[in-house]
1. Determine whether N588 is of a type outside the set (F, W, Y), surrounded by 15 or more Cβ atoms within 10 Å (Cβ to Cβ) and closer than 19 Å to R426 by Cα.
2. Go over the candidates A211, A198, A138, A205 one by one and state the one that is within 15 Å of the ligand (Cβ to nearest atom), small (G, A, S) and more than 30 Å from V282 (Cα to Cα).
3. Would you please list the contacts, defined by Cβ atoms under 8 Å and residues six or more apart or on different chains, that run from a residue in the range 139-154 that is over 20 Å from V165 (Cα atoms) to a residue that is of a type in the set (S, T, N, Q) and within 11 Å of the ligand (Cβ to nearest atom)?
4. What number of residues within the range 460-484 satisfy the criterion of being closer than 28 Å to R425 by Cα and in a loop (DSSP other than H, G, I, E, B)?
5. Looking at the structure I just gave you, is I457 surrounded by 17 or more Cβ atoms within 10 Å (Cβ to Cβ), among the β-branched types (V, I, T) and part of a strand (DSSP E or B)?
6. Do we have K556 as over 24 Å from the mean Cα position of the chain (by Cα) and basic (K, R) here?
7. Can you pull out the helices (runs of 4 or more DSSP H) entirely within the range 1-106 that have at least 2 residues that are surrounded by fewer than 18 Cβ atoms within 10 Å (Cβ to Cβ)?
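The values are calculated or read from the model by the stated rules, or taken from the named source; none is laboratory data. Quantities reported herein were computed from a predicted structural model and do not represent experimental measurements. Positions of Cβ are generated from backbone atoms using ideal geometry, with glycine treated the same way; all protein chains shown enter the neighbour counts.
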Amino acid sequence: MPGRSFIERAVECADTNALRMALYQATRDAEIAAITPERVFGPTTDAIVFSDEDTALIRAKAVEYLLSEPDESALPVPSRDEIVELLEMAEARTLGPDDLIMRHKLPAFSDLPYQAQWHGEKVIPEGYHVAIVGAGFAGIAMGVQLANLGVPFTIYERRVEVGGVWSINTYPDVRVDTVSFTYEYAFEKKYPWTEYFARQSDVRAYIDHVAHKYGVYEHIRFGSDITQARFDEPTQRWTLTVQGEESVTEVEANVVVAASGVFATPRELSVEGVSDFTGQIVHTARWNEDVEYAGKKVAVIGNGSTGVQLLSKIAEKAESVTVYQRTPQWISPRTNYGVPISDELQWLIQKMPFYWNWNKYVAGLATIDLRNVLMPDAEWIANGGQISKRNDMLREILVGYISAQVDGRQDLIDKLVPDYPPMTRRPVVDNNWYASLTRNNVELVTTPIARMTDTAIVTSDGEARETELVIAAVGFQTEKYIWPTQYFGLGGVTLEDVWTAQGAQAHLGMTVPGFPNMFMLYGPNSQPVASGAGLPVWFEVWTGYIAECIVGMLEKGRASMVIRKDAFDEYNEQLHEEAKKLIYLMPNSAMEKNYYVNEFGRLQMNAPWNGEKYYELCEKPDESHYDFTDAQ
Ligand SMILES: Cc1cc2nc3c(=O)[nH]c(=O)nc-3n(C[C@H](O)[C@H](O)[C@H](O)COP(=O)(O)OP(=O)(O)OC[C@H]3O[C@@H](n4cnc5c(N)ncnc54)[C@H](O)[C@@H]3O)c2cc1C
């Protein structure tokens, strides 16, 4: 047991609201219950603010409580009603039924909050098998569901390790840009993240840890690229073509789950003369330890999340860096970005009953109401505002931030402030990017790139800048879901054909008419615009839905299920109507250069609802939406 001063430091590092909630849940202390924090209107959400006296009281009581060496396992898990009471206290507001469809699960009190279950007798015919394509966050979550249910499965992974994007991307300073406490599965409690925003190696190690702990790892076949999958109507099974390191084989599966990631296929640098360039060109997703930038004339093309993340590290050692920016981004700071989690806080997360749960919940509150920032307010606009009170407030704060970061340099401010509203594109997190632009060895170029020569990049004004290394931070072919694997459904139609004609669409982001027993994870329009839950929790939700589908088919003796065209159409019509209410599709939202919107002018990445509404749709499969074929 550490001493008092260690514990005092620990509570000082803790989030005050999470500490209060954990303490109250464990002790039901009336004095703690009487504390009423203020909700202060903010740019993306209201902040929950405690007075100094209340903060001191919470900390003092927490220290005494921790000195009593509490044991979480001896305390009761709260009922749903108790959780609701606690949620209202945590948010300092009353919550209605529409707020409580998913929210009560977010603190993750149960062991496996989104795990599918057998409803009756467990029946698995001999030879029954599920194939999962990809061993990233999504594929491992699917494996955990099936391992827990005892359904046989294999994960096919083309690489030699798990992790997906967290195995692939190793460029300088790569890390998460959503706080680690929300970028984790809800079933894996109290993982000791080393930083508030985990580094790539930490996330890869986490996925590896989960794969081992939950009995998934031994089901992975590495070095196995699925090039093709074909549904066979007579057998109602899929045949998958597996490209191994040395041979091509075929395997059969009853169900196929594509967990192949949206950020798997790098966008190639498309510049006239690129093949004449004699220096080195590296896409950020192909970064390796042989890439040498120290002392070099470097070009960084792109200012999305990746380009912004790596610039400051490159600029520290390169002779010069030219940053080529096509469209300015809204780039914002994050509290505790790059900061290690102290030993004291690590200890508190492990020892303070329920702190992990409330810390996770409170971390998610930053995004739970984000949809409000995405909805234009007609009255506000009629009165001279641009989007809404919050969105305009956010713009003002970010413009001030840009100005402060570049020391008020008007030449840079003019190039950096976007002409479209904040939040219309994926928010980019600042890793000293703006400040790096003020270095003597860094130049920001906004004149479009015209071509490349053997040694230089030439912009449309004719200026040639000598370049030795080009870092292509140009992103991924996000519109090509689960590409290049060819999925042949009923009648030999490929998914690619269907999507080329109408853009990528799916029912709940998971199923497509004509493709029986095929499910996808992180598919089109799958991540809700605001939910308070990080993507890993959504992987649990979607995999829970898919696992329920599998269990349902097994229990009812069905060989296959396929989404009905009418259900698919109705869902997608509603989705696109709902999406029209959001700023993504407004004329001034830089739509044409925004991977949130596809070439058909439709929202592509996100589900337009908030998490509660979307969770209601995908908590459990609705059988009336599917056609079934009975097993022979
Ligand atoms: C650099 C970077 C940083 C990111 N940071 C964040 C963040 O901070 N927060 C956040 O919420 N999201 C972030 N994302 C989004 C990220 O994609 C998801 O959070 C998540 O990791 C996706 O997991 P996944 O399993 O769906 O896909 P992936 O991680 O891409 O995994 C897919 C796996 O499938 C394998 N695969 C693909 N096709 C085949 C095939 N045909 N045969 C065999 N194997 C195949 C791939 O090799 C890969 O291992 C980031 C993305 C990138 C690229």
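1. no
2. On the way: A198 fails: more than 30 Å from V282 (Cα to Cα); A138 fails: more than 30 Å from V282 (Cα to Cα); A205 fails: more than 30 Å from V282 (Cα to Cα).
After applying the criteria, what remains is A211.
3. Q145/T543
4. Looking only at that region, the number is 12.
5. yes
6. yes
7. 4-13, 30-33, 52-67, 80-91
For every residue, the table says whether it meets (1) within 26 Å of E195 (Cβ to Cβ); (2) hydrophobic (A, V, I, L, M, F, W, C).
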| site | (1), (2) |
| --- | --- |
| G3 | yes, no |
| F6 | yes, yes |
| V11 | yes, yes |
| A22 | yes, yes |
| Q25 | no, no |
| A33 | no, yes |
| R39 | no, no |
| A47 | yes, yes |
| D52 | no, no |
